[in-house]
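Everything below concerns the one structure shown next.
The values are calculated or read from the model by the stated rules, or taken from the named source; none is laboratory data. Not measured: the values here are computed from a predicted model. Counting neighbours? That spans all protein chains shown, and the Cβs are built from the backbone with ideal geometry, glycine included. Calculation scope for accessible area: heavy atoms of the full protein, side chains included, ligands and nucleic acids excluded. Shrake-Rupley method; radii C 1.70, N 1.55, O 1.52, S 1.80 Å.
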Amino acid sequence: MSSMLASFLTLAAILFTIGCYGVLTKRSAVIVLLSIELMLNAVNLNLIAFSKYGIIPSLKGQVFSLFTIAVAAAEAAVGVAILIALYRKRGTANVDEYHELQS
Amino acid sequence: MPDLDLDLILNGQTIAYFMLAICAIVGAILMISFTKVVHMVVSLALVFLSLAGIYLLLEAEFVAFVQVLVYAGAISILMIFGIMMTRHDRQEEHMVKRARSFAALIGCGALFAVLFLAIRGTAFIDPEAQPLAENNTLRIGELLFTEHVIPFELLSVLLTVAFIGAIVLAKSDHEEGSSSLPKEETPVAKSAPLVPDRKGEEEFQ
């Protein structure tokens, strides 16, 4: 059974790594936000896997993942709003063109 | 170890797990490798749906349905709206520096190697099986309203603040750059006198 936990954690690690790669390399800000959502999903998978296969299995992991989902929804809404405001100001949605702070 | 592998192969749950995991990983890799933005969102919706299936395998029914509703429904649609309200030229026009992408690949590979070695090196203790799936929603609701009621209420405040903030952020340019509003209103103001003129013409005729 513990091998099941290891395989779930490995899947979560793969998804987290792919999301991290997307955040680091993609140009479109929408895709960067989506990659962040993918990373949050990997974390959720970890929480739920530990809520079943952890040392003390209980529903608390699922409750925590519900909280994470709600916070991620708020984050996505604010992120898209910031993206649209930035797009109106700058006329582009590419993250590598937002470089005001670069001297 | 060999009997563990046999157990892995023979279990029907693991077959479902492997199919869903392959769907998730394929969707994630397609998300990375597609060139059009809308295709990326759709392939990520595939990842969200297969993760919901995996949550079902892990006896988390309520979280699975919330995943389908919130992620595969709301967030995908929100991102599609975000794509439609911004203009996207060709996504991967090889403008991304090769060196940066290669460095990111190496960094993420190293991160995955560390995570994988840590997972493989840990001896997980077998827990006693608990029926998490029976009355799942009822028990989650009881937990939310007894033990975790303060985070739950704080979360409602957070959601309200976030959505009001999102509306203000997306609207602020509309009020600020009010030059766009009079432009829309001025044709109306110009056309408004036209209507009495026509009426006057009709009256004259």
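What average count of beta carbons from other chains do you get within 10 Å of the Cβ of residues in A:31-38?
On the way: counts 11, 0, 4, 13, 5, 0, 8, 10.
Per-residue shielding by partner chains comes out at 6.
Can you give me the pair-distance distribution of segment B:62-172, C-alpha pairs, 5 Å bins, whole percents? Reading the bins upward from 0: 2, 8, 7, 11, 12, 14, 17, 15, 9, 6, 2. The sum of -39500 (n - 2.57) across all DSSP H runs of n ≥ 4, divided by the residue count of chain A, sets its helix-only mean residue ellipticity at 222 nm to -27500 deg cm²/dmol.
Where Lys and Arg each count +1 and Asp and Glu each count -1, what net charge lies around B:Val70 among other residues with Cβ under 13 Å from its Cβ?
Details: positive: none; negative: A:Glu37, A:Glu75.
Net charge in that neighbourhood comes out at -2.
Rg over Rh for chain A works out to 1.11, using Cα positions for both radii and the Kirkwood form for Rh.
Phi angles across segment A:79-92 convert, under the Karplus curve 6.51 cos²θ - 1.76 cosθ + 1.60 with θ = phi - 60°, into 3J(HN,Hα) values of x, 5, 5, 5, 4, 5, 5, 5, 5, 5, 6, 9, x, 9 Hz, Gly and Pro given as x. Using a 1.4 angstrom probe on protein heavy atoms only, the contact between B and A buries about 7400 square angstrom of accessible area, both sides summed.
Taking square-rooted eigenvalues a ≥ b ≥ c of the alpha carbon gyration tensor, is segment B:8-87 rounded, prolate or oblate, where a/c under 1.5 means rounded and, failing that, a/b exceeding b/c means prolate? Verdict is oblate for segment B:8-87.
Inter-chain neighbour count for A:49-61: the average number of beta-carbon atoms from partner chains within 10 Å of each residue's beta-carbon is 6. The protection proxy used here, the mean number of other Cβ atoms lying within 10 Å of each residue, ranks peptides B:31-37, A:43-49, A:63-69 as follows, highest first: A:43-49, A:63-69, B:31-37. What does the net charge come to around B:Leu56 if you take all other residues with beta carbon closer than 15 Å to its beta carbon, with K and R at +1 and D and E at -1? With Lys, Arg at +1 and Asp, Glu at -1, the neighbours total -2.
In peptide B:102-110, how many Cβ atoms from other protein chains are near each Cβ within 10 Å, on average? The partial results should precede the final answer.
Working: counts 1, 2, 7, 3, 0, 4, 10, 2, 1.
Mean shielding by partner chains, rounded to a whole number: 3.
The alpha carbon centroids of segment B:108-158 and segment A:10-54 are separated by 15 Å. As a rough guide to protection, the peptides B:125-135, A:80-90 ranked by mean Cβ packing within 10 Å, highest first, stand as A:80-90, B:125-135.
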